[in-house]
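Participant: Here it is: the structure, laid out below.
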Amino acid sequence: MVVLVFNCGSSSLKYELFETDPEQSLAAGIADRVVVRAGRDASLYHEPADGEPLVLECPMPDHEVAVGYVLEALTDSEHGVIRDLTEIAAVGHRVVHGGERFAESVLIDDDVIAAIEQFARLAPLHNPPNLQGIRASRSRLPSLPMVAVFDTAFHQTMPQYAYIYGLPYELYEQHGIRRYGFHGTSHRYVSQVAAEMLAQRGIRPQDQHIVTCHLGNGCSMAAVLGGKCIDTTMGFTPLEGLVMGTRCGDLDPAVVPYLCEKLGISVREVDALMNERSGLLGLSGVSSDMRDLRQAAQSGDERAKLAIEVFCYRVRKYIGAYAAALGGVDAVVFTAGIGENDAYVRRRCVEGLETLGLCLDGSRNEDKALRGQAADVSAADSPGRILVIPTDEELLIARDTAAIVGGTSLD
Ligand code: ADP
């Protein structure tokens with residue numbers, strides 16, 4: 001089945017076209033700076049799997065125009081990968097927040113759209129552009145079935161004691177204040193690959209204890225027991241948990257009123273400070289990008305060193321916490337930009353965890369030849385595995401879409 005996957009941000013629209021049987025990516029690309037300044041500086045980058053990329057500068061005042069350019073690129077005689085749009089069987093959409101209603105992916109209808117709209121109050125920066133993408137593609141491809149795949153869905157299996165905050169219970173009941181978790185599609189994808197790798201070593205899927213670490217610009221971890229998420233580091237919003245590129249992660253909430261009073265700034269300004277000027281950027285004063293920090297640290301920058309230490313320590317601490325939550329660890333998985341590429345960070349994140357049965361093979365961890373593929377970087381006799389698994393959220397969205405539209409079960 002040919003499935004088109006969309007991941008819509010407020011000013012960008014990423015897409016990938018898949019054949020799902022057998023699985024193959026046909027083309028991928030991004031429409032960028034959509035809507036910004038009426039989309040006048042917008043561009044489309046389209047890359048067929050076998051062929052030359054297409055770069056177009058074209059005005060894209062809204063997502064519907066952007067979808068139009070994407071569809072043209074996919075069918076273009078020179079850079080296209082399908083003859084015409086009738087070859088596309090379904091469209092899958094990434095949606096950030098599915099609240100408590102969606103524990104798995106669903107076929108989109110008016111009722112689902114209304115629910116996504118309702119959850120926009122919980123994800124005001126993400127659900128509205130996700131919806132714009134859905135509406136734009138429904139208008140351009142009105143006869144196609146569409147599926148929503150939620151970032152929060154994988155975490156809906158968390159037990160209540162893991163997702164509830166120690167606040168008055170009425171705030172949960174009346175305002176939905178609880179931990180939801182994000183990056184669920186990535187945690188689900190890499191935990192499935194890890195589960196297959198563990199099964200090959202004779203550990204039955206229902207008995208597996210897996211900790212997944214998604215370390216990109218945004219960072220989160222999940223504790224996965226027998227294929228089900230039982231805890232995750234992000235919470236009500238993607239601010240909780242690990243130290244990230246620009247986000248502070250876990251913090252004593254009393255810091256917020258203290259800063260408001262001391263600095264005479266509003267809650268909104270503190271919120272922006274915690275989301276946009278903290279984390280690796282705030283600690284180092286250098287950059288939010290781990291590559292820059294590693295370079296600065298090598299040149300002796302003490303704050304860059306500190307930022308990396310804090311980052312790795314937080315991951316290490318959560319691995320320990322999740323070992324306790326799971327009752328052991330069969331595998332720790334590293335994924336996303338930092339997790340897949342930065343051997344030093346991986347090493348620091350598992351340092352001293354031999355007592356939990358996690359022993360690294362230093363040279364496999366550094367082996368650049370293993371990049372881009374699922375790799376086991378633990379020592380041969382390590383009781384638990386340390387795995388590096390490239391994430392592929394788009395592929396999982398395509399799989400879910402094909403399964404729902406084809407009437408087969410998910411996973
Ligand atoms: P996003 O969350 O935006 O999808 P990515 O998963 O692309 O982000 O991760 C971005 C992060 O990955 C940045 O901090 C970047 O420095 C880091 N990164 C990418 N490649 C490398 C690398 N080779 N070594 C170290 N860090 C890397």
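The values are calculated or read from the model by the stated rules, or taken from the named source; none is laboratory data. Source: prediction; values computed, not measured. We place every Cβ from the backbone using ideal geometry, glycine too, and count neighbours over all the protein chains shown.
Participant: What residue, of Val350, Val388, Val405, Val332, is among the β-branched types (Val, Ile, Thr), under 30 Å from Ile88 (Cβ atoms) and at pLDDT 95 or above?
Facilitator: Val405
Participant: Restricting to region 265-284, give me the number of residues that are within 16 Å of the ligand (Cβ to nearest atom) and of a type in the set (A, V, I, L, M, F, W, C).
Facilitator: Residues flagged as within 16 Å of the ligand (Cβ to nearest atom) and of a type in the set (A, V, I, L, M, F, W, C) within region 265-284 amount to 3.
Participant: Something else now. For region 74-99, how many residues meet the condition of being buried (at least 24 other Cβ atoms within 10 Å of the Cβ) and assigned to a helix (DSSP H, G or I)?
Facilitator: The qualifying residues number 1.
Participant: Of the numbered conditions (1) surrounded by fewer than 23 Cβ atoms within 10 Å (Cβ to Cβ); (2) closer than 16 Å to Arg188 by Cβ; (3) touching a residue at least 24 places away in the same chain (Cβ under 8 Å), Leu356 fails exactly one; give the number of that condition.
Facilitator: (2)
Participant: With the condition being closer than 24 Å to Glu351 by Cβ, I'd like the helices (runs of 4 or more DSSP H) fully within region 243-313 carrying at least 2 qualifying residues.
Facilitator: 279-284, 290-298
Participant: Residues that are out of contact with any helix residue (DSSP H, G or I) (no Cβ under 9 Å at 6 or more places or on another chain) and under 30 Å from Val106 (Cβ atoms): which helices (runs of 4 or more DSSP H) entirely in region 318-408 hold 3 or more of them?
Facilitator: 393-406
Participant: Here's a follow-up. For region 310-330: of the residues being of a type in the set (A, V, I, L, M, F, W, C) and within 19 Å of Met158 (Cα to Cα), which is nearest to the ligand (Cβ to nearest atom)?
Facilitator: Only one residue tops the list, namely Ile319.
Residues are listed down the side, and each one gets a yes or a no for (1) in contact (Cβ under 8 Å) with a residue 24 or more places away in the chain; (2) hydroxyl-bearing (Ser, Thr, Tyr); (3) surrounded by 22 or more Cβ atoms within 10 Å (Cβ to Cβ):
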position: Leu141; (1), (2), (3): yes, no, no
position: Ala148; (1), (2), (3): yes, no, yes
position: Ile164; (1), (2), (3): no, no, no
position: Leu167; (1), (2), (3): no, no, no
position: Arg178; (1), (2), (3): yes, no, no
position: His183; (1), (2), (3): yes, no, yes
position: His187; (1), (2), (3): yes, no, yes
position: Ile203; (1), (2), (3): yes, no, no
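Participant: Let me ask another. Are there strands (runs of 3 or more DSSP E) fully within region 188-239 with at least 2 residues that are over 25 Å from Gly166 (Cβ atoms)? List them.
Facilitator: 209-215
Participant: How many residues are free of Cβ contacts under 8 Å to residues at least 60 places away in the same chain and surrounded by fewer than 19 Cβ atoms within 10 Å (Cβ to Cβ) if we restrict to region 208-226?
Facilitator: Looking only at that region, the number is 1.
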